1. ³J(HN,Hα) across the stretch 32-47 via Karplus (A = 6.51, B = -1.76, C = 1.60, θ = phi - 60°), whole Hz, x for Gly/Pro?
2. For a quick check: sort PHE132, PHE34, PHE149 by the number of other beta carbons within 10 angstrom, fewest at the front.
3. On a full-extension model of 0.36 nm per residue, what is the gain between MET72 and ARG37, subtracting their alpha-carbon distance, rounded to one decimal in nm?
4. Roughly how many nanometres apart are two label points built 7 Å out from the Cα toward the Cβ at GLN142 and LYS165?
5. Please turn the phi angles of the stretch 117-125 into ³J(HN,Hα) values with the Karplus equation 6.51 cos²θ - 1.76 cosθ + 1.60 (θ = phi - 60°), one per residue in order, whole Hz, x for glycine and proline.
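Computed from the coordinates by the stated procedures, all read-outs in this text should not be read as laboratory data. No experiment lies behind these values; they were computed from the predicted model shown. Cβ: placed from backbone, ideal geometry, glycine included. Neighbour counts: every protein chain shown.
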Amino acid sequence: MEKQFDKLELGPIEKALPASIGVCVKDSKRRVLFQNRKCIEVCGKMSGQVCEKSCMRNFQNILEAEAAGLGMSVEYGLSADDGIGNIRLIDAVVINDGRSLTTIFSPVRTKLQEAREAVKDCKLSPSQQRVFDLVIQGRSNQEIAKALFISIPTVRTHLTRIYEKIPAETLKLNLSGTTRYAFVKSRPKSRDI
């Protein structure tokens, strides 16, 4: 049955996708049958090889989803290695239809770059920028404190200063529109943080 995928071509579908979206189709044994250009750029050429990349490392989640009748797994912030030392974060959806595994992903880095671009003129300190980057990646205050080896009150102080520096219009127009991240939709009061 897997022979039907050997010459898999997604020409019209691939052309319709934005260049920033990666697509990879694997057989049930995780052998790569198709990669679009973005997938090759992010993961390296894998055609014909068994995939052990980040989305497949979480294969158990996909099997559990299949057992529950869902057939889909959503993974956020996976590390994707192209095999030559370049690592990128991706958000991925892996669909298991019982015959093949289809991964559709978007590099997180572009989302982070968009958020950084939106606040580039706000003169965030290096510490504030590190906190801002982690917030944009969807981290909680506790996760930020742990990652940066600072206390939660220090995280809150940084967030207060960030909110003071970033115009409310920028927060509303630029940051709330990113797909997975909601920095804020309006300027909070310090006690709300």
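1. Per-residue couplings from phi come out as 6, 9, 7, 9, 7, 4, 5, 5, 4, 4, 7, 9, x, 6, 10, 3 Hz.
2. Working: PHE132 25, PHE34 19, PHE149 7.
Fewest-to-most Cβ neighbours within 10 Å comes out as PHE149, PHE34, PHE132.
3. Details: separation 35, 0.36 × 35 = 12.60 nm, distance 2.30 nm.
Stretched out fully, the MET72 to ARG37 stretch lengthens by 10.3 nm.
4. So the two model labels end up 2.7 nm from each other.
5. Karplus values, whole Hz, x for Gly and Pro: 4, 5, 10, 4, 8, 8, 6, 6, 5.
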